[in-house]
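Peer 1: Please see the structure below; I have some questions.
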Amino acid sequence: MATLHCLQFLIIHLTIHLLSVSLPSATPQHQEQDTPITRFQSYLRINTAHPQPHYSSAVSFLISQAHSLGLHYQTLEFSPGKPLLLLTWPGSNPSLPSLLFNSHLDSVPAEPSKWLHPPFSAVLTPDGKIFARGAQDDKCIGMQYIEAIRNLKHQSFTPTRTIHVSYVPDEEIGGLDGAAKFVQSKHFDDLNVGFMLDEGQASPGDEFRVFYADRSPWGLKIKAMGQPGHGSRMYDNSAMENLMKSIEVMSRFRESQFDMVKAGKAANSEVISVNPVYLKAGVATVSGFAMNVQPSEAEAGFDLRLPPTANPEEIKRRIAEEWVPAIRNMSYEIIEKGPIRDHMGHPLMTLTNASNPWWLVFEQAITSAGGKLAKPEILASTTDARYIRQKGIPVLGFSPMTNTPILLHDHNEHLQDTVYMKGIKVYETVIRDLIPIIVGRDEAQTQTHMDLASSSPNNPSKVEILEMVKREQKIQTEASKGLMQSDGKKKYKGVRMRSWGSWVSEIRAPNQKTRIWLGSYSTPEAAARAYDAALLCLKGSSANLNFPLTSSSSHSHFIPHDDHTLMSPKSIQRLAAAAANSFVDNASTTTPSPHPPASASSSLVSSPSDQIDDDVSLISSFGAYTTAASACDDHTNEPLSSMDYWYSLDALQSPKYADQMFGGGLFDIDSTQMIDAFYEESDDIRLWSFC
């Protein structure tokens, strides 16, 4: 028994001794694991996904990293519970414009069941892939900034200009409580930022991608109202019918843009995207929806992305007049998510040519790091860079990831460990090379702002922006090519071709920036006859017609006998239709459509288009008129304001995009000098046409 107790004592003593010997070695072993990769994994394991991002944990971790490097740090909070962390490495000459490296704290939600590894476990697989939400977007660059500074400090490098690193909240949900408020604060002004790097995207190839602009996001909610009724009834202007008409018009526009992308003629970021994101309608029941009830309301939502050269006012006009016309009991709400112009009214773009010294140095730094830049591009999505560009500060979007699949917001987001480590070296070189550049903040902003008012042909800013706009124009012209006349036939005044082959006609109303719809026809000649008849009503015998007026003209007997006779828009429409019909011979199948369904209603005028003859000097306003001496006008006099307007879906869908890319078009840069330069350089100015 005593022997047994002795053995037990010896075993316990030996165990304690072994533990005491092994414990001291545990600390060195743990220190050996404190590497750039393990630190990156630690950051990735902090769940900052919406809707409940753990910002405080992420900020605490980053502060511990800053403290270990001797960096200054401060936490700012512009909205409760949404901290913004700012790290600073002071330069030896604080009067120089500083460098700002930006990253966001938050990430989008993840669906764990769809992942190979838990999205916040930061698993490092044997083949070197680090799986985690935020691995690419964009916790990678947030830690690479710190690791690059760590390496430079170990090399005893001292910057002459100050370096700031910002970690902002809420970028994934618009940044309104993060970067947007930060940029407008005195804290930001005190930083004296001269140049900023923000997030970019991975590159599947061996060239680094770089972005000089973002597309601006809009949310569009459209709502239709209509008479409710039994599911078996067929009647016009129900809520669902009105909504479907709008969706059809928007879908055709989307298709014209997307065709350019699919054909390889434009990048996704260079076109205006319109994507449906939700549809809400129906009368709810316990088991679902009432299938025998037509609802009185229907709603749909769309995500719009506008390139920087897009004209927001023209997009709004298109929405109001073509996509969601009030005449069809439609209403809409546009949610503009951030700026689309800088403080001088110029597009939010950073120049990537010799006029921007920051660009030249950045480009050389990538080369020095052994990399190569791809052609600068517009980012298809949106980042916080737009808020800084709004201040006139040059910003480039850049994430050093080559030979990497684009997995932001995707399941199984991951990053190769070797790619991550290479990115640290790239940032080291970028910081080193950007430090000695000599450029004042005012000079940088001057180079960034496109001096469109200058008429000097040697102005590189003007040349750059002109080329951008001309490219956008080419893209949009190609997108609408199928909607324009392309068969070599004669083009008549006031006539346009539909994508499905019909021909439409309309004419400018007297003393107004609106038009009278004249109908849709199966031949251009019939549409031209309708236009001629309407023009005769408005201008009389001095009208410059498509077909010269003779005694045998098919529409001569429809002419008002008195040049000073004024007619109602409705009368002009009937006369135009009659003139077009009289042109059709027995073999023709022309089917004019100026008359709508009896139950429909709408305005009979549409918005202007440069395809209509601008030389028409109209007789007078329609404030009053007398009955035309025409068999077609059998209505009594009535004021325009009380006329019985008719509705035509064709009229609603008529192209309002004959405006040129400059001065009112979808893609517009507000500069008279630039327009002049464009006309001097182009033989043919193609016009917008969409239906």
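No value in this document is a laboratory result; all are computed from the given coordinates. As the structure is a prediction and not an experimental result, all values here were calculated from the model. Here the Cβ is made from the backbone with ideal geometry for all residues, glycine too, and neighbour counts use every protein chain on show.
Peer 1: Kindly state, to the nearest 0.05, the FRET efficiency for Phe157 paired with Gln74, given R0 = 22 Å and r defined as their beta-carbon distance.
Peer 2: With a Förster radius of 22 Å, E is 0.40.
Peer 1: Can you tell me which of 325-335, 230-240 comes out highest on packing, and rank the rest after it, using the mean Cβ neighbours within 10 Å?
Peer 2: Output ranking for 325-335, 230-240: 325-335, 230-240.
Peer 1: Quick check: pseudo-label points 7 Å beyond the Cα along Cα→Cβ at Phe289 and Ala320, how many nm apart are they?
Peer 2: Rounded to a tenth, the inter-label distance reads 3.1 nm.
Peer 1: While we're looking at this one, here's another question. Using 0.36 nm per residue of separation minus the Cα-Cα distance, give me the extension gain between Gln227 and Met421 in nm, one decimal.
Peer 2: 63.5 nm
Peer 1: Still on this structure: Using amide H atoms built 1.01 Å from N in the peptide plane, name the residues 5+ places from Ala49, or on other chains, whose amide H lies under 5 Å from its own.
Peer 2: Amide H neighbours of Ala49, under 5 Å, 5+ apart: His54, Ser107.
Peer 1: So how do 75-87, 420-432 stack up, highest first, on mean other-Cβ count within 10 Å?
Peer 2: Highest-to-lowest ranking by the protection proxy: 420-432, 75-87.
Peer 1: Can you work out the Karplus-derived ³J(HN,Hα) for every residue in region 92-105? Use 6.51 cos²θ - 1.76 cosθ + 1.60 with θ = phi - 60°, whole Hz, and x for glycine or proline.
Peer 2: The phi angles translate into 6, 10, x, 6, 6, x, 8, 9, 10, 10, 10, 8, 10, 6 Hz.
Peer 1: Which whole-Hz couplings ³J(HN,Hα) result when phi for each residue of region 143-157 is put into the Karplus expression 6.51 cos²θ - 1.76 cosθ + 1.60, θ = phi - 60°, listed in order with x for Gly and Pro?
Peer 2: Karplus values, whole Hz, x for Gly and Pro: 7, 5, 4, 5, 5, 5, 5, 4, 5, 5, 5, 5, 8, 6, 7.
Peer 1: I've got another one for you. What is the spin-label model distance, in nm, from Glu241 to Ser92 if the labels are put 7 Å beyond Cα along the C-beta direction?
Peer 2: Each label point is offset 7 Å from its Cα along the Cβ direction, giving 7.9 nm.
Peer 1: Using modelled amide H (1.01 Å from N, peptide plane; none on Pro or chain starts), what sits under 5 Å from the amide H of Ser273, excluding residues fewer than 5 places away?
Peer 2: Under 5 Å from the amide H of Ser273 lie the amide H atoms of Arg305, each far enough along the sequence or on another chain.
Peer 1: Students often check this: by mean Cβ neighbours within 10 Å, which of 102-112, 373-383 ranks highest, and how do the rest follow?
Peer 2: By packing density, highest mean first, the sequence is 102-112, 373-383.
Peer 1: Based on the Cβ-Cβ distance of Gln364 and Ser113, what FRET efficiency does E = 1/(1 + (r/R0)^6) give at R0 = 56 Å, to the nearest 0.05?
Peer 2: E between Gln364 and Ser113, to the nearest 0.05, is 0.75.
Peer 1: Further question on the same structure: Using DSSP to call loops (not H, G, I, E or B), can you name the GluC sites (Glu not before Pro) in region 187-256 whose Cβ has at most 15 other Cβ atoms within 10 angstrom?
Peer 2: Glu207
Peer 1: Using modelled amide H (1.01 Å from N, peptide plane; none on Pro or chain starts), what sits under 5 Å from the amide H of Leu348, excluding residues fewer than 5 places away?
Peer 2: It is Asp342, by chain and number.
Peer 1: Provide the FRET efficiency to the nearest 0.05 for the Asp127-Ile335 pair, computing r from the beta carbons and using R0 = 35 Å.
Peer 2: Efficiency, from the Cβ-Cβ distance: 0.25.
Peer 1: Now for a different question. Provide the net charge surrounding His411, with neighbours chosen by a C-beta distance below 9 Å and charges set as Lys +1, Arg +1, Asp -1, Glu -1.
Peer 2: -2
Peer 1: Report the full-extension gain for the segment Leu176 to Glu313: residue separation times 0.36 nm, less the Cα-Cα distance, to one decimal in nm.
Peer 2: Length difference between fully extended and current span is 47.1 nm.
Peer 1: Find how much the distance from Ser56 to His187 grows on full extension, using 0.36 nm per residue of separation minus their present alpha carbon separation; answer in nm with one decimal.
Peer 2: Taking Ser56 through His187 to full extension adds about 45.1 nm, to one decimal.
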